[in-house]
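The structure appears right after this line, and notes come after that.
The values are calculated or read from the model by the stated rules, or taken from the named source; none is laboratory data. Just so it is clear, the structure is predicted and the values come from calculations on it, not from any experiment. When we count neighbours, we look across all protein chains shown, and the Cβ atoms used for this are built from the backbone with ideal geometry, even at glycine.
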Amino acid sequence: MKLAFLYTLASNQPLFAPYIATLERSGVEISHHVDESFLAQAREMSSPADEVAVTNKVHQAIEQIMRKDNPTKIICTCSTIGDMAESYSNQHSRMANTTEITTIAATTILRVDRPMADAAITLGTSTIHVLAALESTLKPTTDLIQQCLQAKNIGNKNVITRVVPNAWEHLQKNGNSTAYAQVVADYILSNYYNYYQRESNDQVVIVLAQASMSPAVDLLSESQTAKCPTILTSPGTCIAFLLNDMKGH
């Protein structure tokens, strides 16, 4: 199996490294591709035309990765452009060139947060709390959750979205991923520690919408996470999905 990872943050590449090492030990070939302009442009979209323009650029990048690496799967690690990436196969399924059709059919585009969304809706909880550091990530994530609910024919869930204040500026302005993760961890503790003693009528799962937020969980002790609702992150959930997928082939 050959996997290609597409990043919109260079800082996410080392974040994924420990997870990817597990895949490499299983004999998977990995390639990495970074283009930070996609996230910047997606955050500035203000019209359908803007979205089409960014989507086309994402699709062009996907085509380049296919031609260069011929991967089995391309993993888009950015939640904000995840739907744009996954839309590639649908929009290019009728290409005239037979070689291109073969390549597209053999390559799956997977947004990194899809396995996490699938896990969130099947936990049996009544409410999903989506936390993001960027406002622009909330709609793509909630749209994904609705897609997963419909695909699995599961009834509606109560989805609550929250932006973690003052987190993104640490990453964007200072490149300080440690401070960024600490702000997210502090927010989780402030809002969800001993949650069920305060909100006993509601079973909740927490979804960290951006892959870059996942190190925050490592800053919580076992005793702290034990007193919080289940917290799902996309890198670990996605890699577990890929490993399980490998076993099925």
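General remarks:
- Ser31 meets each of the listed conditions (1) more than 15 Å from Cys238 (Cα to Cα); (2) part of a helix (DSSP H, G or I); (3) not aromatic (Phe, Trp, Tyr) apart from (2).
- Counting only residues that are within 17 Å of Asp35 (Cβ to Cβ), in contact with a strand residue (DSSP E or B) (Cβ under 6 Å, 6 or more places away or on another chain) and either touching a residue at least 40 places away in the same chain (Cβ under 8 Å) or not assigned by TED's automatic domain parsing to the domain that holds Asn70 (or both), region 4-24 holds 4 of them.
- Per the conditions (1) surrounded by 12 or more Cβ atoms within 10 Å (Cβ to Cβ); (2) polar (S, T, N, Q); (3) modelled with pLDDT under 90, the sole criterion not satisfied by Ser46 is (1).
- The set of residues in region 223-235 that are over 22 Å from Phe16 (Cα atoms) and of a type outside the set (S, T, N, Q) comprises Ala226, Lys227, Cys228, Pro229.
To keep it simple, each residue is scored yes or no on (1) at positive phi; (2) crowded, with 18+ Cβ neighbours inside 10 Å; (3) at pLDDT below 95; (4) under 17 Å from the mean Cα position of the chain (by Cα).
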| residue | (1), (2), (3), (4) |
| --- | --- |
| Asp186 | no, no, no, no |
| Asn194 | yes, no, yes, no |
| Gln224 | no, no, no, no |
| Thr237 | no, yes, yes, yes |
